[in-house]
Structure formats: C-alpha cells, structure tokens
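Contents: one structure, followed by commentary.
The values are calculated or read from the model by the stated rules, or taken from the named source; none is laboratory data. Since this is a predicted model, take the numbers as computed values, not measurements. Here the Cβ positions follow ideal geometry from the backbone for every residue, glycine too, while neighbour counts run over all protein chains shown.
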Amino acid sequence: MSAVTAGGPARPEPPARQRKSVTGTRKIVAAGFLLPALVLLGALVVYPIGYSLYRSFFDQAGAGFAGLDNYVEIFTDDTILTAVKNNAIWVVVAPTVSTALGLIFAVLTERVRWGTAFKLIVFMPMAISMLAAGIIFRLVYEQDPERGVANAIWVGVHDTFEESAGYPRARPLPVHPLEAAGGGAFVTKEPVSAGTPARLPLIGVAPANMPSDAEPAKAAEPGDGEIHGTAWLDFTRGGGGRPNVVDTQELGLKGLKIEAVKGGKVVADTRAAADGTFTLPASADGALLRLPADNFREPYNGVDWLGPSLVTPAIIGSYVWMWAGFAMVLIAAGLASVPRELLEAARVDGANEWQVFRRITVPLLAPVLAVVLVTLMINVLKIFDLVFIIAPGSSQDDANVLALQLYRSSFGTDADLGLGSAIAVLLLLLVLPVMFFNVRRMRRETRR
C-alpha cells in the first residue's frame, strides 16, 4: 500500500515491525537459545521429580497401587523417624553455627594484617570434597588415642589434670605375698616390718606396655626403722625367671601407688621409683601394704565420638569445619560494603565495640546473613556423604538422615523404590519452603 503526499509521488508504507523482547531480541531467537536449556531442565529435573512422585504411590515391586502407604511408613518406622529428627537437628544447628563462626571470623580479621592469611586457611577446607573430608574426620574421631587426633588431645588434657592408671589387668600369682582385697585392690598377706624388705611382685603386664623409662628392678635393702621394698613385674621374657625373686631382666613397676594400712586406715603412702624400689616411714611398721585399685583400672581412652550419643554432633562438627569458611567469605564481602561513617559515628557517640557490632554491623549485614543461612539450610537438608563415610556401621542408624535413608531404602539389600521415592518427595517438600523464602527475599532486594 502506498500513500500520496502533497507535491510528490506516492511513498510505500513501511512493513510492520516484528515484535521484540524487552532486551530488543526477537522472541523466536530467544526461545531458540533457551530451548536446549529447557530440554535439559525437563529431562534432569522436571521428569525425575514427576516420576518420583508417581512412583511413591506404588508398592515395592512397582506393580500394585499402594496409595499413601509409603508416606505412612515414613512417619511410623523408627529408623526413618530418627532420620527426620536428625535432619531437624542438622537444619537448626549446622547452618547457625557455621554462619555465626563465619560472622565472628569476618569481623575479627577485618582490621588485622594477617587477616587474609587467616581467611585463606579457614576457607581451604572448601577445596576438599565431602568424601575426602569424611575420610579425614573418620580418622580424627578414631577411638584409639594413638590414631585419633581428637582423642589424643582429649586424653592429653585429661592426663594433665588427673593421674592415669599405669598397670591395667596386673595381678599377683597365688605364690606371691599378695591377695585380693576387694574392689580391684591387692593387699599383703602378712604385715611388713622394718627389718625385712617388702616384696610386691605382679604379673599380667605385657613388657611392651611398661613405661618407657622403667628400669631393671632392684632388690631393696633393710632400712633402719623405715620400710623398704620393691614392686616389680615378676616376669622374665623368654623364661628362666624365679617367682618372688627379683631377676636382672625384670622391670620395676614405676609409679605404682603403695599404701600402708593399719586398723583400716591409711597411715602412709608412696610410689615406686623407676627401678621399683620404695620407702615408707617408720609409722608403717607392722602395717599391711595395699595396692589401690586405681593402679589397675583401664587407662582413660578418651571420648567415644562416633558412639550412638555423640555421632551426630561429631559429624556436624566436620561440616562446620568445611563450611565456616564459605560463610566467612560471603560475610566478609558484605562487611566490606558497610559504610564506615556509620560505625565511626556510633563510636564517637560513645558506643563500645560490642554495641557497634550488635546494633549496627549485624543489622546492616542481615541480607548477607540471610543468604548464607538459607544456602546452608538447603545444603544440609541434602547431607549424605559425611554421614555415610564418618558414621561406623554400629552407629549409622543413630546418625541417619533423610538423604542417607533415601539411599538405603532405594539401593539397599531390601530395596523399596516406592518408599525411597516417598522419602525423595518429602525432601523436596522440605526444601521448597526454604527456596520460596529465598526467592521472595531476592525479589524484595531487587525492588529496592
């Protein structure tokens, strides 16, 4: 179609403009670029979710319709209920502790020279996979103090403030001058006298478990008025020793506690030297010598970190070790954008550092803290690797979480894909509210 203009020939009208998107891109072109991503999204996200929902209404074999039976089992099976309870503990504790530590690290290292180096060290665990971290902390929480770092430190601190037993399972032979006194203690069969050296032989201690600084036992000499004696391991490696006689290859029981008892009361006590010799004052003359049960109790081996009662807190500790650095980096980035004028004005007005932190820094960092907290909450709802690797088989039921139970129900020896799909749907329903909260928060931030 052409239009007639005054004083000139007809001019054709321009063709209708093709509709474009807000960014100026043709919608069909935009749809073409988005199509591969939408196909992948549908194949990897939408279809698995839909099929899991569908499969959750069928029985173990997948042939019969089960209705809501699988969902009922989730809330009636004790093992799955334990997983739900542990997931609740994870969601409350792990993100909160990680975010709090990240906030503390970010604030305390903001104005120190070595702050960057410290942040690098704290962030380094993020470079380790969950599998590697699980193996590391499985060794850290090892019960044997000689292998587990946590118990090595714990036992070291314990033994600093409380004496450790030296000779568990040590005992006398029937031919020895000692007999059981009840409660794990031993006492001499006859009272001791100053003119006769006391002999306190024991067996039952492996030479390898003797103190490293134990010396060859030395026979005591009679003393003037005092009680002298020897406490030694009456065992000669390779044989050839004589009972009740201090042989040259036998070691003294260094540190063995010895009490002199008269009338049921302790009148004196001492400990054996490295060569097993000991001395008691004259007041011990005519007393019975008692070896208290403290000498023979099992040594303190630390805490059973991976036992039923502590396994979940222990695994949460390993998670915090990994993710506190993530929280610290995000919070430090938010802290760098906080106006310094507000902080200085508060200090000029007389606010101390705690008030500045609580009344100004934390409120200004609230959006960043919300991002970190929500991200970690979504992450811990899906926690699997650490629990599967760190928790031993004896306490895995006590450390169970929904993601691990999903794996066990779907791929265990008695696999039930219907129940596993129901657990997957439950996990999705638990994640959705957190995701919606995060999306709403991001939209509010965008409108500002």
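Among all residues of segment 226-242, there is none that is touching a Gly at 6+ places or on another chain (Cβ under 9 Å) and surrounded by fewer than 19 Cβ atoms within 10 Å (Cβ to Cβ).
One residue stands out among those in segment 203-225 that are surrounded by fewer than 15 Cβ atoms within 10 Å (Cβ to Cβ) and more than 43 Å from the chain's Cα centre (by Cα): the one that is modelled with the highest pLDDT, which is 221.
Looking only at segment 428-448, count every residue that is touching a helix residue (DSSP H, G or I) at 6+ places or on another chain (Cβ under 8 Å) and either aromatic (Phe, Trp, Tyr) or within 16 Å of residue 77 (Cβ to Cβ) (or both) and tell me the total.
1
On the basis of being farther than 24 Å from residue 415 by Cβ, in contact (Cβ under 8 Å) with a residue 40 or more places away in the chain, of a type outside the set (D, E, K, R) and surrounded by 11 or more Cβ atoms within 10 Å (Cβ to Cβ), does residue 89 make the cut? Yes; evaluated as a whole, the condition is true for this residue.
Consider segment 120-151 and keep the residues that are small (Gly, Ala, Ser) and touching an Asp or Glu at 6+ places or on another chain (Cβ under 7 Å). The one that is surrounded by the most Cβ atoms within 10 Å (Cβ to Cβ) is 148. Scanning segment 264-278 for residues that are surrounded by fewer than 16 Cβ atoms within 10 Å (Cβ to Cβ) and β-branched (Val, Ile, Thr) yields a count of 1. Checked against (1) in a loop (DSSP other than H, G, I, E, B); (2) free of Cβ contacts under 8 Å to residues at least 12 places away in the same chain, residue 255 passes all but condition (2).
Note on segment 251-263: among residues that are hydrophobic (A, V, I, L, M, F, W, C) and surrounded by fewer than 23 Cβ atoms within 10 Å (Cβ to Cβ), the one that is farthest from residue 226 (Cα to Cα) is 251.
Checked against (1) under 30 Å from residue 93 (Cβ atoms); (2) not assigned by TED's automatic domain parsing to the domain that holds residue 94, residue 310 passes all but a single condition, namely (2).
Step by step: first the residues of segment 43-67, then only those that are of a type in the set (A, V, I, L, M, F, W, C) and touching a helix residue (DSSP H, G or I) at 6+ places or on another chain (Cβ under 9 Å), then the one that is surrounded by the fewest Cβ atoms within 10 Å (Cβ to Cβ). Which residue is that? Write out each step before concluding.
Looking only at segment 43-67, we keep the residues that are of a type in the set (A, V, I, L, M, F, W, C), and these are 43-46, 49, 53, 57-58, 61, 63, 65-66.
From what is left, the residues that are touching a helix residue (DSSP H, G or I) at 6+ places or on another chain (Cβ under 9 Å) are 49, 53, 57-58, 61, 66.
On the way: 49: 13, 53: 14, 57: 17, 58: 18, 61: 9, 66: 18.
For segment 43-67, the residue satisfying everything is 61.
Run down 121, 135, 104 and say which single residue is in a helix (DSSP H, G or I) and touching a residue at least 24 places away in the same chain (Cβ under 8 Å). That would be 135, the only listed residue that is in a helix (DSSP H, G or I) and touching a residue at least 24 places away in the same chain (Cβ under 8 Å).
Of all residues in segment 200-225, those being within 17 Å of residue 295 (Cα to Cα), in contact with a strand residue (DSSP E or B) (Cβ under 8 Å, 6 or more places away or on another chain) and not in a loop (DSSP other than H, G, I, E, B) number 5. Scanning segment 258-272 for residues that are in contact (Cβ under 8 Å) with a residue 40 or more places away in the chain and farther than 13 Å from residue 286 by Cα yields 258, 272. Screening residue 157 on (1) over 30 Å from residue 395 (Cα atoms); (2) out of contact with any Gly (no Cβ under 9 Å at 6 or more places or on another chain); (3) of a type outside the set (S, T, N, Q); (4) not in a loop (DSSP other than H, G, I, E, B) shows it passes everything except condition (1). May I ask you to say which residue of 54, 71 is in contact with a Leu (Cβ under 9 Å, 6 or more places away or on another chain) and not assigned by TED's automatic domain parsing to the domain that holds residue 400? Residue meeting the stated conditions: 71.
Which residues, taken from segment 162-179, are buried (at least 20 other Cβ atoms within 10 Å of the Cβ) and assigned to a strand (DSSP E or B)? Passing the criteria: only 178. Filtering segment 180-191 to residues that are surrounded by 14 or more Cβ atoms within 10 Å (Cβ to Cβ), in a loop (DSSP other than H, G, I, E, B) and at pLDDT below 90 leaves only 184. When segment 74-93 is limited to residues that are aliphatic (A, V, I, L, M) and more than 28 Å from residue 370 (Cα to Cα), the one that is farthest from the chain's Cα centre (by Cα) turns out to be 74. The helices (runs of 4 or more DSSP H) found entirely in segment 332-429 that carry 3 or more residues being over 17 Å from residue 80 (Cβ atoms) are 340-348, 353-356, 366-381, 385-390.
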